[in-house]
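The values are calculated or read from the model by the stated rules, or taken from the named source; none is laboratory data. Note that the structure is predicted; figures quoted are calculated from it, not measured. We place every Cβ from the backbone using ideal geometry, glycine too, and count neighbours over all the protein chains shown. In case anyone asks, the SASA skips ligands and DNA or RNA and just uses the protein heavy atoms, side chains included. Shrake-Rupley method; radii C 1.70, N 1.55, O 1.52, S 1.80 Å.
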There are 2 protein chains.
Amino acid sequence: MLKSIIDNRENYQPGLSIDCVIFGFHDNQLKVLLIKTKHSEEWALPGGFVPVDEDIDQAAVSILHGRTGLEGIFLRQFSTFGTVKRNQDHFSNKVLEFYEIPLEEGKWYASRFVTIGYYALVDFLQTVPQPEGKNEIVEWIDHDAVPDLILDHKEILDKALETLRMELNLIPVGYNLLPEKFTIPELQKLYETILGRKLDRRNFLRKITAIGILTKLDEKKSNVAHKAPNLYSFDRDKYNEVVRNGLHQGW
Amino acid sequence: MLKSIIDNRENYQPGLSIDCVIFGFHDNQLKVLLIKTKHSEEWALPGGFVPVDEDIDQAAVSILHGRTGLEGIFLRQFSTFGTVKRNQDHFSNKVLEFYEIPLEEGKWYASRFVTIGYYALVDFLQTVPQPEGKNEIVEWIDHDAVPDLILDHKEILDKALETLRMELNLIPVGYNLLPEKFTIPELQKLYETILGRKLDRRNFLRKITAIGILTKLDEKKSNVAHKAPNLYSFDRDKYNEVVRNGLHQGW
DNA sequence: CCAAAAGTGTTCGAAATACACCCATGT
DNA sequence: ACATGGGTGTATTTCGAACACTTTTGG
C-alpha cells in the first residue's frame, strides 16, 4: 500500500495527508476505529493520501469507504495539522525496510506532512472493518481505552471529539451513529457519552422531541430486561432540514 | 515575490498555501484587508506559502505580520480548501509572463494548491497595509462592498465570516478589533456588524457586562455630537481567561 | 429649544432545571 | 415479590426578549 503510493507519488498531492477519526457507538461506549500495521506496536488513525485529481473531501470519503465499506456517511472536516515536527518520528528506517522502499524514494515520505482531519459518525453494526492487505489490523477501540497513538494522532482525536461536542449544539447527532430503530435511552446514552456527563431523562426527552426529528414507532424493543422501551426512528427529511438550518439550542 | 518563491520552491511545502481573511472595524463598517496585483484586475485574500521548516500556524502569523505589521494577533484556522479545480484558473500564462517564469518551473505553480484558511481580527487604526513590492496594492475594503475575488477566495471569505459568527457564541470578540478605549455603542455596532442584525441596546449592555471582561473607565468620549458616551476598556486578564474557558451563551 | 444618541429598569414568556411516582419485565 | 430500568408531569428558576422614558450635548 505505502510502497505503491510512493511508487506512484506523482499521482498524489505531495506533503499532504488525511486522517479520519471514525466514531461509532455500541454497548453504551463511544468507539473509535483505529488501525495498526504489523511493523508497529502503536495504533493510528485511518488515513491516506490525496490523489492529485481528487477533491480533498472526496479523498476523505474514499478513505472512509475503504476502511469501513460505508457510503453516504456523515463526514466533516474539522482541522488541519501542520507542525514541522509532527511526522518526524514517522520516518524510521524500519518502516522503509519493512516496505522495501529505497531511501531515496523514502524522502518523499520523510518530509513534513500536513494532515487534514476529518471526523465521521458511523453505524457500528453496519461497519465491517476492512484491513488493507494482511499487514493491517483494523479495530474498534473504546474511546475510554484508546492507547497511545502514533505521531500527533492523539491530539487529532481529542480535537475531533472537542469539535463533535461543540457541534452537538449546532446539529442533531445520531442518524449515522445509531441503527435504524433505537430507543430514547440509547439516544440519551449516546449524547451522554459524547458529552461525558449525565443528562436528566425527562428533560432529555422533552428537548430531543421538541426538535421534531423523531418518529415514535408503534413498536417496543423486545428481549430486553425490565420494561420494554419504545422504538423510535429518525424522520429523515426533518433531520436533514435541521442539519441544514442548524439547531438553536445547547446542551 | 512569486518568482523568488518558485526559484526556491524546494524550501516551501509543495501544493500548499495559506490564505488569511483579515477583519478590521472602522466607521461602523466591517472591513476586510484585500490585495491586488498589478497583473490582475481582481482582488485576492492576502496569502502565502508554507516554508518547510515552519509550522503552518507560524506561517500564517508571518503572512499576517508581513501584510499588516501587526504582532500578537487573534488568528484562527477555520477551514482547509482543496477542490481539484480551485486554482485551475490561476495558472495563466499571463501571470507567468508577468513574473518572467519559465513554463517548466511554472508547473509547480500550476498544480492544485490546497489552501488553509485563517482569519484574523485586527485593530484597524493600528494596521498599516504593507504591499510587498511595487506590484501589489493592499487595501481595506468594506465587507459590504467586496468585489469578485480570484479563485474561490469569496467562498473562503464567506466561510470565515460564518465561522466568526459562530465563534461569537463561544468567545468574546473585540479585543483586537477595537482601540484601547471604546464605548459600549461601538462594541455593540461591532457585534451587530459581524452578526448582520440589530441588537437591543439595553439587553446588549446587560449581557456584555455580565461576562465580566469590561472595565468602565472614569472618562467619557469627548468631541462627539450628543450625549458623551462612557469609555470602557477590556480587562485583559479576564478577557483571556474567558477566551480560554469559553463562553456559555449565545447571541 | 430641539434633534440625536446615551443611559437606565421592569415585565413577560420561554426554556432549563430539579424533582417523584407509577409501570412493565426478567429473575 | 422485587429489583431494575422506562415512562410521564409539574413547580421553580433562570434567561432572553420586548419595551419607554429621561439625560446630555451640539447645532
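Evaluated against (1) open to solvent by 20 Å² or more (accessible area, probe 1.4 Å); (2) farther than 23 Å from A:A145 by Cβ; (3) more than 12 Å from chain B (Cβ to nearest Cβ), A:Q77 falls short on exactly one condition, (3).
You will find that of B:E41, B:E54, B:E10, B:E71, the residue that is more than 28 Å from B:M166 (Cα to Cα) and more than 14 Å from every other protein chain (Cβ to nearest Cβ) is B:E41 and no other. Among residues of segment B:218-233 that are within 14 Å of chain A (Cβ to nearest Cβ) and within 9 Å of B:T183 (Cβ to Cβ), none has a Cβ under 7 angstrom from a residue that is hydrophobic (A, V, I, L, M, F, W, C) and more than 7 Å from DNA strand D (Cβ to nearest atom) at a sequence gap of 6+ or on a separate chain. Only residues that are more than 30 Å from the chain's Cα centre (by Cα) and more than 9 Å from DNA strand C (Cβ to nearest atom) were counted in segment A:218-238, giving 2.
Screening A:L199 with (1) within 13 Å of DNA strand C (Cβ to nearest atom); (2) in contact with a strand residue (DSSP E or B) (Cβ under 6 Å, 6 or more places away or on another chain) gives one miss only, at (2).
Restricting attention to segment B:32-48, the residues being touching a helix residue (DSSP H, G or I) at 6+ places or on another chain (Cβ under 6 Å) and either without any contact (Cβ under 8 Å) to a residue 60 or more places away in the chain or over 20 Å from B:G82 (Cβ atoms) (or both) number 3.
The helices (runs of 4 or more DSSP H) found entirely in segment A:152-251 that carry 1 or more residues being more than 10 Å from DNA strand D (Cβ to nearest atom) and open to solvent by 50 Å² or more (accessible area, probe 1.4 Å) are A:153-167, A:201-210, A:236-245.
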